[in-house]
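Below: the structure, in structure tokens.
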Amino acid sequence: MTNSNSAQTAALVIFSVLATLAMLLCILAGSEPDDLADFYTGYRTLTPPRNGLAIAGDYVSAATVLSTSGIVALSGYDGVVLVLSTVLSLLLLMRLLAEPLRNAGKFTMGDVLARRMPGRAVRGAACAVTLVASLPFLLVQLSVAGSLLTFILGISADGAKAACICVVGALMIGYAAVGGMKGTALVQIIKMVMLFGASLAITLLVLSRFHWSPTALLSAAREGSGAGDAYLRQGLEFGPSARGRLDFLSAQISVVLGAACLPHVTMRVHSGADASAVRRSTSWAVGSTVVIALFVTVMGTAAAALVGNQMITANDPQGSTSLMLLSRALGADYPSLGEAVLFASIGGAIFMTLLTSVAGLTLAAATSVAHDLFAGTVRRGQATERGELAVARWTILGIGLVAIVLAALVRNWNLQVLIATAFCIGASAVAPALVYSLFWKGFTRAGLLCTLLGGTACVVLLMTFSSAVSGTPHALFPTHDFHWFPLQTTGIVSVPVGFLSGWLGSRVRWRTLVGALREADVPSG
Amino acid sequence: MTYLDELLSLRQNGRGRHRAVQHKPMPTTTTVVAALRTGYAWLGRTPSMAALGGFLLYVLLSSYLGELMSLPVPGLFNVGVLLGLLQFVGFFALATRGPRTDCRGDPHGGELGEPVESYR
């Protein structure tokens, strides 16, 4: 099944127009070469609704929309639970942490953590965790961008995917370096409006096709999925065994605690003008995310109903092209023009989502390097604003290039495991560090370092030897088998490890411990 | 002795000044402010924690009590789908309503305002 020529041409034209428009916006909103606060937060000039939409835009990334709709289409009930946990994660961040975060921090996560425990080690660790969490996520987004663009444009050559990754990567570097926080925020707002419009149109078309009856939609999805009643019960994604249930639980814990704690989302909170503005923008952010999530659920179910399991898995085993397949199936009812318009509008919305998610991630990672590592650790707070901003822009280029090269090299691998890794680091290192440092008076610097490094190390270790990396047909290395951790996400183990290591690190009296060790060492040596 | 009495006892003259001697630790406005802060934090956190608890219960029920969740519900297939939809509604309501910052009817907030009012 190939796309019609008119649809591809329309998609290509729309993509070029959107990319140019977004670049123009970034140039117009761009900051002066020595204005740090403008680059990092846009002087907090965005109104609460706009800031809220920008937060939601950063949160609803391309990988989230595409892979979640794919999981809903393929696994039904499990996918809906995943959508719910994604929404709940943002709700918890916004309700519990946003205001204290905004009041405690200036630009980055390092600022929030270093406020109570200043020091180079804290800033260095914060930057390292930001990079370890952001880079895998960035790689996934770029890889998804490559496969989706080749699918939409209907090119199947192997080099085409690498070329698409390079184009998206180059645009991403441009937006992040020129636009800064405010420029990317404007592009995020446009993307949210486009995504909202396109998914509303598709949802309405789907519902009218099933005569506005949820029962009809669900029965059709049950038939189309080929799984029968199991489609509307838990267990299709990880299997009905005891291990599958534990895996399901672990995945939900990781997403609920980790998805919203990723640095590119928490960083957006700092661009709120004051506490009440943050409160109002959180309502906008969570409200719009809930609506988009509901649309994604309906669209995923409709993809199972109208496209069918076989067609979806034939195009992509993880189902990330299911939205495009659905728009094509719906467009077939309205020959030529309708098909092209539907396909191009959802394609345009997804293209913008891809561009903004990679730009937001690069910006967050580069900001952390420039502000925490360069200004806070290397220069010990003595860097000039112009110098720090120059470093931020060069870092965007550096991180962008590294990510493009890596994404192009591993373009044919199954990178789903990297999303899980990013969420698990968010849940096991960032979430405990933020919760403890904002709400627990007894939290110490040693505890903070233990949480950040212990949580991250636990995730990286367990993830490397998990069944998501090796030993299963859908793993990162399907032909190798060196796994001993039976689950696909580490949350159920690494989240308690992260919280516990923070508590232990704060409780242990390190000086006494080191002194005792030295005393014990002196007589023997 | 309520917070109102504590506040009133700070005044040089007027109702409640004699009680200051009975009360050992000198009460200050900060006590009320601290109580207010705890109260508001609790008010803001309870619904969110309830949402988290409810969701975790839903996940556990789905995975370990599948029979209960697949009981039929007319119009929406089964209990699991119905509960999932209800959570969407609940999250949206939580998001849009937001924490109230209206201190009418708030006991501690009222105590802060009252002594000032009574001077007029």
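Things to note:
- Given (1) within 28 Å of A:Val129 (Cβ to Cβ); (2) surrounded by fewer than 24 Cβ atoms within 10 Å (Cβ to Cβ); (3) touching a Ser or Thr at 6+ places or on another chain (Cβ under 6 Å); (4) not β-branched (Val, Ile, Thr), number of the condition A:Lys161 does not satisfy: (1)
- The residue list A:Ser208, A:Ser199, A:Ser271, A:Ser254 contains one member that is of a type in the set (S, T, N, Q), over 21 Å from the mean Cα position of the chain (by Cα) and at negative phi, which is A:Ser208.
- Residue count for segment B:39-68, restricted to those that are facing another protein chain (nearest Cβ under 7 Å) and more than 28 Å from A:Arg280 (Cβ to Cβ): 5
- Residue tally, condition within 18 Å of A:Val81 (Cβ to Cβ) and either in contact with a His (Cβ under 6 Å, 6 or more places away or on another chain) or not charged (D, E, K, R) (or both), over segment A:243-277: 15
- Some residue of segment A:305-316 being under 26 Å from A:Ala403 (Cα atoms), surrounded by fewer than 24 Cβ atoms within 10 Å (Cβ to Cβ) and within 18 Å of the chain's Cα centre (by Cα): no
- Filtering segment B:70-95 to residues that are at the interface with chain A (Cβ under 7 Å from one of its Cβ atoms) and either acidic (Asp, Glu) or not in a loop (DSSP other than H, G, I, E, B) (or both) leaves B:Phe77, B:Asn78, B:Gly80, B:Val81, B:Gly84, B:Gln87, B:Phe88, B:Phe91, B:Phe92, B:Leu94, B:Ala95.
- The set of residues in segment A:247-285 being buried (at least 24 other Cβ atoms within 10 Å of the Cβ), facing chain B (nearest Cβ under 10 Å), in contact with a Leu (Cβ under 8 Å, 6 or more places away or on another chain) and closer than 24 Å to A:Asp38 by Cα consists of A:Ala285 alone.
- Any hit, segment B:81-90, residues being in contact with a strand residue (DSSP E or B) (Cβ under 7 Å, 6 or more places away or on another chain) and modelled with pLDDT of 75 or more: yes
- Residues located in segment A:228-239, provided they are more than 8 Å from chain B (Cβ to nearest Cβ) and either under 25 Å from B:Phe55 (Cα atoms) or surrounded by 22 or more Cβ atoms within 10 Å (Cβ to Cβ) (or both): A:Ala230, A:Tyr231, A:Leu236, A:Glu237, A:Phe238, A:Gly239
- When A:Ala431, A:Ala427, A:Ala407 are screened for being over 30 Å from A:Ser147 (Cα atoms), of a type in the set (A, V, I, L, M) and in contact with a Leu (Cβ under 6 Å, 6 or more places away or on another chain), only A:Ala431 passes.
- A:Leu406 vs. criteria under 23 Å from A:Val469 (Cβ atoms), buried (at least 24 other Cβ atoms within 10 Å of the Cβ) and in contact with a helix residue (DSSP H, G or I) (Cβ under 9 Å, 6 or more places away or on another chain): no
- Helices (runs of 4 or more DSSP H) fully within segment A:229-345 that include at least 2 residues being over 30 Å from A:Met463 (Cβ atoms): A:275-306, A:309-315, A:322-331.
- In segment A:21-79, residue nearest to A:Phe374 (Cα to Cα) [restricted to those that are β-branched (Val, Ile, Thr) and assigned to a helix (DSSP H, G or I)]: A:Thr41
Okay, residues lined up against (1) closer than 30 Å to A:Ala392 by Cβ; (2) of a type in the set (A, V, I, L, M); (3) touching a residue at least 40 places away in the same chain (Cβ under 8 Å):
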position: A:Gly179; (1), (2), (3): yes, no, yes
position: A:Leu218; (1), (2), (3): no, yes, yes
position: A:Gly224; (1), (2), (3): no, no, yes
position: A:Gly228; (1), (2), (3): no, no, no
position: A:Tyr231; (1), (2), (3): no, no, yes
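The values are calculated or read from the model by the stated rules, or taken from the named source; none is laboratory data. Values in this document were obtained by computation on a predicted structure and should not be read as measured data. Here the Cβ is made from the backbone with ideal geometry for all residues, glycine too, and neighbour counts use every protein chain on show.
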